[in-house]
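I have placed the structure first, in the form of structure tokens, so that the comments after it can refer back to it.
Computed from the coordinates by the stated procedures, all read-outs in this text should not be read as laboratory data. All values derive from a computational prediction rather than experimental measurement. Please note: Cβ atoms are built from the backbone with ideal geometry, for glycine as well, and neighbour counts cover all protein chains shown.
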């Protein structure tokens with residue numbers, strides 16, 4: 001069975017035709033070319049495929065695309081690009097992304113788009129999370145390179161940037177304090 | 001990894017879903033999908049039809065008069081339960097368990113109804129609804145019925161639901177006069193509970209008047225620990241009562257039903273269970289004390 005669905009991805013309206021069994025991550029990556037979410041464990045544990053659906057962080061490998069018909073989807077790239085088109089190599093990084101660059105919150109980067117989506121969800125709900133809250137929020141995002149110290153640092157820095165309205169105009173190399 | 005092919009239908013009411021289930025022999029209900037979709041990808045579950053229950057009436061909390069009970073709609077997400085202040089007042093043990101489920105992304109999408117109907121033997125909410133003495137609300141083509149939580153869980157993936165019935169919600173009695181707690185040890189591989197314990201305790205002047213303690217992860221379904229409850233009941237808190245009660249945690253568990261895997265044998269789970277019973281009951285007693293019951 002096929003379904004004509006509508007997704008608003010990073011602000012752009014998309015109308016793919018999907019099978020019942022098509023997972024959201026495959027609709028995004030393979031049909032629509034939004035390669036932000038990565039396919040990792042395929043069993044809902046690693047979080048590399050995390051995107052925001054209607055503002056909530058979800059694992060796009062554990063959702064059917066057709067379940068999300070009519071939803072607003074934001075990938076890691078959509079967090080970055082204020083023009084809303086995303087995935088275009090824009091260097092217009094959001095404060096959250098700046099913070100990951102500055103604090104070395106990634107090594108290979110495979111888990112990073114998922115972590116950014118989860119962190120975005122956290123910071124939207126709690127603008128000033130403590131380190132324990134950040135760790136708890138990121139439980140469903142596995143990183144096999146860095147450990148989590150720098151990831152947590154980066155989310156803390158991002159929270160400070162956002163509270164201070166700083167860090168959105170290029171890497172300054174300065175943490176706000 | 002892809003699920004096998006199936007036909008997807010979205011049902012915007014329980015009646016519509018019931019009709020779809022009746023029309024298709026091997027249909028499965030999807031209520032968030034965080035058990036079903038992984039099982040369809042990795043565990044060989046291959047329904048020919050999936051009915052996505054998407055009825056807004058099944059989302060959210062409905063408070064009974066005076067906080068005497070709360071009815072939680074089946075499609076309420078764990079995240080909604082975790083954040084709802086009314087639930088913290090009326091049925092905190094359910095909230096505590098919801099906060100422990102999976103991770104943030106799973107809590108954003110998974111639902112209490114899906115969880116209870118799936119009857120995973122290491123899921124957190126079943127222990128909480130048992131300890132809360134809740135009632136499962138069910139609708140079928142011939143009408144609705146109520147199933148006490150204590151009669152609902154029958155085994156791994158097995159419940160008192162019959163073919164074609166839909167779990168529409170769970171009614172939880174108000175727990176204001178008690179202390180409650182949920183404590184769990186997370187399974188290192190699955191993220192479910194290795195052992196989880198929910199405790200609901202009420203007391204007057206240091207004497208336990210009522211105690212309900214339930215465990216998940218240990219046997220093939222969530223169970224009440226009646227030996228622990230009996231030890232607590234009518235006794236004075238102090239003089240090692242909680243430790244003594246926790247020592248009974250394994251009593252009455254069916255050894256044939258003990259769960260075991262490479263991370264934790266059945267014996268180890270029972271050993272952990274004693275520790276987690278002690279922690280949960282202690283926390284529940286502390287919560288009751290802070291409400292001035294002791």
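Among B:50, B:213, a tally of other beta-carbon atoms within 10 Å of each Cβ gives an order, fewest to most, of B:50, B:213.
Across all Cα pairs in the protein assembly as shown, the calculated P(r) in 10 Å bins from zero up to the longest distance comes to 4, 20, 27, 25, 16, 6, 1 percent per bin. Can you work out the FRET efficiency for the pair residue A:41 and residue B:15, with r the C-beta to C-beta distance and R0 = 35 Å, to the nearest 0.05? Computed FRET efficiency for residue A:41 and residue B:15: 0.40.
Working from the Cα coordinates of segment A:2-80, the gyration tensor eigenvalues give, after taking √(5λ), semi-axes of 17, 15, 10 Å in decreasing order.
For segment B:231-294, go through all pairs of different Cα atoms, get the mean of 1/r, take its inverse, and jot down that Kirkwood value in Å. So the Kirkwood estimate lands at 13.1 Å.
Our estimate of slack between residue B:256 and residue B:291, defined as 0.36 nm per intervening residue step minus the Cα-Cα distance, is 8.6 nm. Remark: mean inter-chain Cβ contacts per residue of A:62-71 equal 5, using a 10 Å Cβ-Cβ cutoff to other protein chain atoms.
Using the average count of surrounding beta-carbon atoms within 10 Å as a protection proxy, the listed peptides B:156-165, B:229-238 rank, highest first, as B:229-238, B:156-165.
Going by neighbour counts of Cβ atoms within 10 Å, the residues B:282, B:271 line up, fewest first, as B:271, B:282.
Over segment A:2-80, what is the mean sequence separation of C-alpha contacts under 8 Å (at least six apart), divided by residue count, expressed as relative contact order in percent?
Over segment A:2-80, the number comes to 38 percent.
What residue among B:258, B:75, B:53 shows peak mean-square fluctuation when chain B is described by a Gaussian network model with Cα springs under 10 Å? Maximum among the listed residues: B:258. Residue A:133 to residue B:142: FRET efficiency via 1/(1 + (r/R0)^6), r the Cβ-Cβ distance, R0 51 Å, to the nearest 0.05? Given R0 = 51 Å and the Cβ-Cβ separation, E is 0.60. Spherically averaged projected area of the convex hull of Cα atoms, segment B:179-290: 6.3 nm². Between segment B:9-51 and segment B:75-109, how many Å separate their Cα centres? After rounding, the separation between the Cα centres reads 24 Å. Using a simple spin-label model with pseudo-atoms 7 Å out from Cα toward Cβ, residue A:104 and residue A:30 lie 3.8 nm apart.
Can I get the semi-axes of segment A:95-164's equivalent ellipsoid? Compute them from the C-alpha gyration tensor as square roots of 5 times the eigenvalues, in angstrom, largest first. Could you put the intermediate results ahead of the total?
On the way: eigenvalues 58, 33, 20 Å².
Computed over segment A:95-164, the values are 17, 13, 10 Å.
The long axis of helix B:266-290 is offset from the longest Cα principal axis of chain B by roughly 70 degrees.
Determine how many Å³ per residue the convex hull of the Cα atoms of segment B:59-173 encloses.
Numbers: hull volume 10.4 nm³, N = 115.
Per residue, the Cα convex hull of segment B:59-173 comes to 91 Å³.
Given contacts defined as C-alpha pairs under 8 Å and at least six residues apart, what's the relative contact order of chain A, whole-number percent?
Numbers: 352 pairs, mean separation 39.0, N = 177.
With pairs under 8 Å counted, the relative contact order is 22 percent.
Within 10 Å of each residue's Cβ, count the other Cβ atoms and sort B:182, A:34 from fewest upward. Provide the component values of the computation, followed by the final result.
Values: B:182 30, A:34 26.
In order of increasing Cβ crowding within 10 Å: A:34, B:182.
Evaluate the relative contact order of segment B:7-52 (contact order divided by residue number), counting alpha-carbon pairs under 8 angstrom at least 6 apart; express in whole percent.
Working: 46 pairs, mean separation 26.9, N = 46.
Taking the mean separation of contacting Cα pairs over the length of segment B:7-52, I get 58 percent.
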